[in-house]
1. Within segment 119-219, considering only helices (runs of 4 or more DSSP H) that don't extend past its boundaries, which have at least 2 residues that are open to solvent by 60 Å² or more (accessible area, probe 1.4 Å), over 20 Å from LEU96 (Cβ atoms) and away from the ligand (no atom under 16 Å from the Cβ)?
2. Considering only residues that are open to solvent by 40 Å² or more (accessible area, probe 1.4 Å) and within 20 Å of GLN287 (Cβ to Cβ), look in segment 232-241 and name the one that is farthest from the ligand (Cβ to nearest atom).
3. What strands (runs of 3 or more DSSP E), lying completely within segment 1-101, carry at least 3 residues that are touching a residue at least 40 places away in the same chain (Cβ under 8 Å) and in contact with a Phe, Trp or Tyr (Cβ under 9 Å, 6 or more places away or on another chain)?
4. For GLY164, all conditions in the list (1) at pLDDT below 95; (2) within 23 Å of THR2 (Cβ to Cβ) hold save one; what is the number of the exception?
5. Taking the stated definitions as given, is ALA277 more than 10 Å from the ligand (Cβ to nearest atom), open to solvent by less than 50 Å² (accessible area, probe 1.4 Å) and not assigned by TED's automatic domain parsing to the domain that holds VAL177?
6. Take segment 242-262 and flag every residue that is within 16 Å of the ligand (Cβ to nearest atom) and either in a loop (DSSP other than H, G, I, E, B) or not assigned by TED's automatic domain parsing to the domain that holds ASN301 (or both).
7. Pairs only if they're at least six apart or on different chains, beta carbon under 8 angstrom, first in segment 159-171 and of a type in the set (Lys, Arg), second near the ligand (Cβ under 10 Å from one of its atoms); list them, first residue then second.
Amino acid sequence: MTKINTVAVIGLGYIGLPTAAILATNGIDVIGVDVNQRTIDAVNAGQVPFVEPDLGIHVAGAVSTGKLKATRDTPSADAYIVAVPTPFNADRSADLRYIESAARGIAPQLQGDELIILESTSPPGATEHLGDVLLELRPDLSLDGENGLPRILLAHCPERVLPGRVMIELVTNDRIVGGITPEAAARARDLYGVFCQGEILLTDAKTAEMAKLVENSYRDVNIAFANELSMISDSLDIDVWELIRLANHHPRVNILQPGPGVGGHCIAVDPWFIVSAAPQAANLIKQARLTNDSKPAWVRNRIQEVLNELPSSAEIAVLGLAFKANIDDLRESPAVEIAAALAQSLPNRRLNIAEPNVEELPSQFRDMPNVELFPVNEAVSRSDLVVVLVDHDEVKSIDPLLLKGKRVLDTKGILPASKTAQFVNSPV
Ligand code: SAJ
């Protein structure tokens, strides 16, 4: 086996940076590559440009021992891990432009025998496509030693870590490794074995790509079920939280939690890659996406219904902007969507936003005089209607006395009031 001493990680985002850091703290020489100079500077200073528990300690440690460096240009390395975004196009097919750009950086460095792993969540066939781009640029190489040409080893190893638990799950989760060839899969397994204590399961690249999409679609479909239940329960005047709690006492029922919608860059995106790859067959998966995507507008309507009963001077507390609890990630966040729609459509209402994980409001709120960022308790005390959009710890621990006399619209079912009342509460 060829020993891997140096690894270049292309893309120092939510997945690339933790992977780079964990490899580096396990003795590998890691060069992180990013197009963003601020990210490069932050990492080289031992800092993390986003919130993720324990990542800071790993990055600071790895940088101080010289095992982790960041740079703009792709260096020569024994292995490359590509962890760049795969957004979707207007027709919701995957946009592989960042993967192609990573390939253009890697290609000139290759000498043969390097391992190249695609970690980015990708539609079926993307790893093969990465191979095509590399070989187009380097016709002197091959993927399997064909015609006696030196070969490079290509594999897909989807990340499966949960934001907020990344440094734990990187080590403990099982991993799926799909090789373009069995040799590529085996080499990738050896690299992940450096830090992964879970089982490392080998398959082909397309099955690995699909497995990742299926995992996130499974969750999306189940959250859509919970969100549909919350809308049904609301129309039937049933407390959905109690309903789910009771149903989950059945030994084979485990309903997830409703909320303001599904956010983040994974679950809200990945199922579309399946729909786009098999549009005729992927009906349930498509409907789940539509159901979850319709939830923010539904919540927005509920807020309007409550506002219609309140004086025009009534202020609104919006608690949480992140796409889920205890993180600062606002990507594809239903909470941002709801808050922005409120702020735009109600320019004369004061919106007191609390998002304990950010220091300033995102750009779309900046020029809005009716919107301001406050600590949770202050946003609540200033307001007449309290809308819970994210179950951050700071929101869960609101002093119940602060809620007295206010209307509460709790999309996460966490405030004391919502334990005994409906989704929209009468004055507490
Ligand atoms: N959500 C609900 N109700 C629930 C659970 C989640 O409304 O019961 C919402 C969250 O609030 C959030 C969204 O769904 O808006 C997604 O949150 P999540 O915690 O389910 O997942 P992510 O997007 O943070 O991470 C997922 C994970 N995938 C699975 O659990 C199958 C993670 O393991 C993946 O690595 C990640 O996607 C990814 O990068 O693909």
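1. Result: 182-192.
2. Taking the candidates together, the pick is SER235.
3. Where strands (runs of 3 or more DSSP E) fall fully within segment 1-101 and carry at least 3 residues being touching a residue at least 40 places away in the same chain (Cβ under 8 Å) and in contact with a Phe, Trp or Tyr (Cβ under 9 Å, 6 or more places away or on another chain), they are 6-10.
4. Looking at each condition in turn, GLY164 falls short on (2).
5. No.
6. Residues satisfying the conditions are ASN248, VAL253, ASN254, ILE255, LEU256, GLN257, PRO258, GLY259, PRO260, GLY261, VAL262.
7. Partner pairs satisfying both residue conditions: ARG160/GLU169; ARG160/ASN173; ARG160/LYS212; ARG160/GLU215.
Here's the yes/no breakdown for (1) surrounded by fewer than 21 Cβ atoms within 10 Å (Cβ to Cβ); (2) within 16 Å of the ligand (Cβ to nearest atom); (3) over 20 Å from ASN292 (Cβ atoms):
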residue	(1), (2), (3)
ASN308	yes, no, yes
LYS324	no, yes, no
ARG331	yes, yes, no
ALA335	no, yes, no
ALA339	no, yes, no
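The values are calculated or read from the model by the stated rules, or taken from the named source; none is laboratory data. Just so it is clear, the model here is predicted, and its values are computed rather than measured. With ideal geometry, Cβ positions are generated from the backbone for all residues, glycine too; neighbour counts draw on all protein chains shown. For accessibility, only protein heavy atoms count, side chains too; no ligands or nucleic acids. Shrake-Rupley method; radii C 1.70, N 1.55, O 1.52, S 1.80 Å.
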